[in-house]
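I have placed the structure first, in the form of structure tokens, so that the comments after it can refer back to it.
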């Protein structure tokens, strides 16, 4: 059975004054050992977060595909590892939309993370227009095919399905739709990596809250959640961790 993973994405939020929230989240993670928990924070907060996280894995939200070079404002996998990060998100829908990143960019960044010993949460998902046009399945299959790094395996790769239209909107697909899209993702992984696909976790992301988390996490092929706004405070994030723990019993 795949262990549930609840990963928080703080996006462009978080200062040192917020480290107390990380300490509380770390305590909740320790109190629910049957669930894996991680936080992906801004670059500036990685080292301070590691210092107070008491074993809670701290990750980044992006990295550059190159190991070094003239890339002003970017950060490499080696730099993240030196800060104490153990994982990173790549291909998040906000990077794809706002920074015009492609699936090839996500592939290159995942490969770079792997070179430096970082685990990867690889994101895929359709826009609202694509969803309404009945293209969600084709879009997600294409993104996985073009983004999946070489030698992908469960020891370092997690897939996250995040319908773009559900992120930060309060909208969520039906449980049946979530199950169907995760099954499509699992089948695509299986065609690419064979039996290793059965061990790769697929997270759901998009307006996950303490209220809806248990039902989502109990859905077939949902192995955890990638949580945005609700991960910024222990008050909102801990109920999601506890929901994952209940489902895992």
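Only the coordinates and a few stated rules stand behind these numbers; no lab work does. Remember, predicted model here, so these are calculated numbers, not experimental data. Ideal geometry is used to build each Cβ from the backbone, glycine not excepted, and the neighbour counts take in all protein chains shown.
The table below gives the values:
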quantity	calculated
Value of [θ]222 nm, deg cm²/dmol, for the chain, DSSP H segments ≥ 4, -39500 (n - 2.57) each, nearest 500	-12000 deg cm²/dmol
Per-selection Rg to Rh, region 115-249 - Cα, Kirkwood hydrodynamic radius	0.96
Sequence of 39, 157, 19 once ranked by neighbouring C-beta atoms within 10 Å, starting from the fewest	19, 157, 39
Pairwise centroid distance, computed over Cα atoms, of region 176-240 with region 118-135, Å	13
Least to most buried among 62, 177, 150 (fewest other Cβ within 10 Å first)	150, 177, 62
Fully extended contour minus Cα-Cα distance, from residue 190 to residue 3, at 0.36 nm per residue	65.4 nm
Gained length - residue 249 relative to residue 151, 0.36 nm times residue gap less alpha-carbon distance	32.1 nm
Rough spin-label spacing in nm, given labels placed 7 Å along Cα→Cβ, for residue 142 and residue 102	1.2
Rg/Rg_globular for region 5-248, with Rg_globular taken as 2.2 N^0.38 Å and Rg from C-alpha atoms	0.93
Mean separation of Cα contacts under 8 Å, 6 or more apart, over the residue count of region 5-248: relative contact order %	21
Exposure proxy ranking, count of Cβ atoms within 10 Å, fewest first, for 4, 24	24, 4
